[in-house]
Every structure is written in structure tokens, then in C-alpha cells.
Amino acid sequence: MNLELIEALHDLEREKGINSEIIIEAIEAALVSAYKKNFGTQSNMRVQFDRGSGEIKVFSRKAIVENITNPKEEIALSEARKLDPRYELDDVLEIEVTPKDFGRIAAQTAKQVVVQRIREAERDMIYDEYSNREGDIVTGVVQRQEGKNVFVDLGKTEAVLSQNEQIPGELYKNGDRIKTFIVEVKKTTKGPQIQLSRTHPGLLKRLFELEVPEIHDGTVELKALSREAGARSKIAVFSKNENVDPVGSCVGPKGLRVQAIVNELKGEKIDIVKWNSDPVKYIANSLSPAKVVSVDISADQKMAKVVVPDYQLSLAIGKEGQNARLAAKLTGWKIDIKSESQVQPVISEE
């Protein structure tokens, strides 16, 4: 059995990268506890696992002293020298006390340690893999729901999509394949805990990076985005190459690129606007699809007064103020929208 154990440890080292020496040291420590538990002793013990033959020996350890105060842990120098005259004070005397039936206990203990170490190593490998992917997209399969939480199978492990990270109104059925954003990976005693999101703005950003080659290669830059998950989003893009249309690149031929993202987000509307270093032009663009007549800015207050045609006012503000709110988040400016008739001077009749 012991030779088989050594071979198994070397196989683990090759296949999973688990250091066999670390496992052997853990087995030795576990065997000390097993010995004390099974043979009712509190003495100092040492277990030796022979790396070549796999043989296991148990030794009782006693400190060599002049005057004994604890017989379980100490032995007199005179008694020790009867065994070997070379012993000196403060040396440690070891006597083999390996029980005849200790092999069965050792085998069982070793197996438990190996299984535990494999489990820990696999957890560490999964943690390392996914902690390096924080801020990235993963595709998984909806496995089950517990309360309001959705559990997603990522292949090697399971992750959780909590209620506040779910798109409002979106239904998740067992077996559905969904793309999610890794918000955080925590190391716990039960293994890595992976928190997913479908509402995080980073999901939208990564979807565009994956879908639009010009963003992936750096030709088009995604400068800013604002999102109200499940309803509407806005992204501002800029092209470093004046011959490349940043908005057209994101929309794609016949709108295929943006439509693929809209489909993934179950119909979430996406406005793609052109970023501009001039805040007047940028703010006007941000209110798309509404047309803007003028933008008057106050840089100190970072406030913009925007005028739109009368028939565009409701479009510029949006349902429950959503368009204006997203534009403000996108640009970082406070935006006050008025129609042309609201800003025209009132002519009093004499």
C-alpha cells in the first residue's frame, strides 16, 4: 500500500502540480494526531514517512534533563546514557513505538489527507484562474435557483448571480446559456465564491470589445458609457483614425454588431454617440436621438443649458427623464433641457 501511495503522490505532482513533499509532511502531522487519538497518549510524538520505501514509523520523543518534572515528556540523562552513552543534556531521545496494526490507521489517514489536499489544490487553481478574470465576461449555464439567487455553472465551478445583479424582468431558466460579468472572486473555506452580474456597465463594455474588432484592436476607443440595465444604455466612442467612423463601426453592417449585443441583453436599447473633446458638441451628441438647437455651458458649475425644438422636447428628456439622465451620466455634466418656445422672450402687449 505504501509504495502505491508514493506512486500516487508522484502522479499528483505531475498531473496537478501538487508538491508531494508538502503532502507527505501533512500526512506525517495527521498521523501524529491519529496515533494520539487511537492509542490514548499525550506524549511528544514524531512520525517518519520513508520517501523511498513508503514505510511509516512512530517515535516517542523525550527531552534529556538532569531532574525530571514531566515523565511523559522528559527522561533523566543517566537513563538516556544507558541506551547510548553519547547523549548530552538538552538532547532529544527518540524511541520507536510503532504499533503492529498502525498500517491500517496510517492508510486511512493518508487517504483522507491526500483527498483533502487535492480538494484544496483544485480550489486554489480555480480561485487563481477566476480571480485573474475579474472584470471579464464568462459564458455559463443556468443550473438552479435558490430564492432570488441564480446559480450558474461555469464548467469548472459554480458562480452566483444575486438578485441585485439581475436585469429587472429577465427570466433565467435551467439550461439557459448566458453571458455574465465577473464582479468579484473571494476565497472562502468552501472554495472560491464568484459573484456575477448582468447589470454592471462593464458587461456592456466587454460585449462591445468582443463584438467590434475596431475596439478590440484599439482603432476605436470606448470613452464613456452609462447604463440602466434592461432599459437603455448610452456609449460614447472615438476613432483615432479619421478615416474610421466610430459610430458606424459599433453599429456594424446592417446593424448586426449592435443588434447582437441588444439580443444578448434581451432587448436593452443602446444609443451610440460620437465622443468629442468639445463639451458643447459632446453634450449635443449625448442627447441622441434628439436633435439639439444650442448648448450653453457653465464650466465652473459643470452645467449645460440645452435648447431643443419644441417637437423634440419629450424625446430629449425621455420617458421619466431617462434620456436626459443617461446623457448626464455619460458626459459628467448637469443638463437642463428647454424647448425653443420656453426660452423665447415673452412679448408683452401694450
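In terms of Cα to Cα distance under 16 Å, which aspartates and glutamates are near enough to Lys334, apart from those fewer than 8 places away along the same chain? Output for Lys334: Asp278, Asp296, Asp300. Spatial offset of segment 43-110 relative to segment 167-244 amounts to 62 Å, using the alpha carbon center of each.
For segment 200-275, the Kirkwood hydrodynamic radius from C-alpha pairs, put into Stokes-Einstein at 20 °C and a viscosity of 1.002 mPa s, yields a diffusion coefficient of 177 µm² per second. Taking label points 7 Å from Cα along the Cα-to-Cβ direction, Thr219 and Asn276 give a separation of 2.4 nm.
Would you kindly state the longest site-free stretch of the chain, with sites defined as trypsin sites (Lys or Arg not before Pro) in a DSSP loop (not H, G, I, E, B) surrounded by at most 14 other Cβ atoms within 10 Å? Kindly include the intermediate steps, with their values, before the conclusion.
Details: sites that count: Arg51, Lys72, Arg86, Lys100, Arg133, Lys148, Lys156, Lys173, Lys190, Lys240, Lys266, Lys291, Lys302.
With a cap of 14 other Cβ atoms within 10 Å, the longest stretch comes to 1-50.
Between Arg119 and Lys82, take the C-beta separation as r, use R0 = 56 Å, and let me know the FRET efficiency to the nearest 0.05. The formula returns an efficiency of 0.70 here. Given R0 = 41 Å, the distance between the Cβ atoms of Asp300 and Glu158 translates into a calculated FRET efficiency of 0.20. Counting only Cα atoms, segment 139-197 measures 33, 22, 20 Å along its principal axes, largest extent leading.
Listed here are the pairs Lys266/Lys319; Lys148/Lys329; Lys16/Lys37; Lys156/Lys223; Lys205/Lys240; which of them are more than 25 Å apart at the Cα?
On the way: Lys266/Lys319 19 Å; Lys148/Lys329 29 Å; Lys16/Lys37 32 Å; Lys156/Lys223 34 Å; Lys205/Lys240 18 Å.
In this structure, Lys148/Lys329; Lys16/Lys37; Lys156/Lys223 exceed 25 Å between Cα atoms.
Within straight-line reach of Lys62, meaning a Cα separation under 17 Å, sit the following lysines at least 8 residues removed in sequence or on another chain: Lys36, Lys72, Lys82.
Considering helices alone, the calculated mean residue ellipticity of the chain at 222 nm is -11000 deg cm²/dmol, with DSSP H runs of length four and up weighted by -39500 (n - 2.57) and normalised per residue. Each residue, Arg61 and Asp310, gets one label point 7 Å from its Cα in the Cβ direction; the gap between the two is 9.4 nm.
Only the coordinates and a few stated rules stand behind these numbers; no lab work does. Bear in mind that the values here come from a model prediction, so they are computed numbers and not experimental data. When we count neighbours, we look across all protein chains shown, and the Cβ atoms used for this are built from the backbone with ideal geometry, even at glycine.
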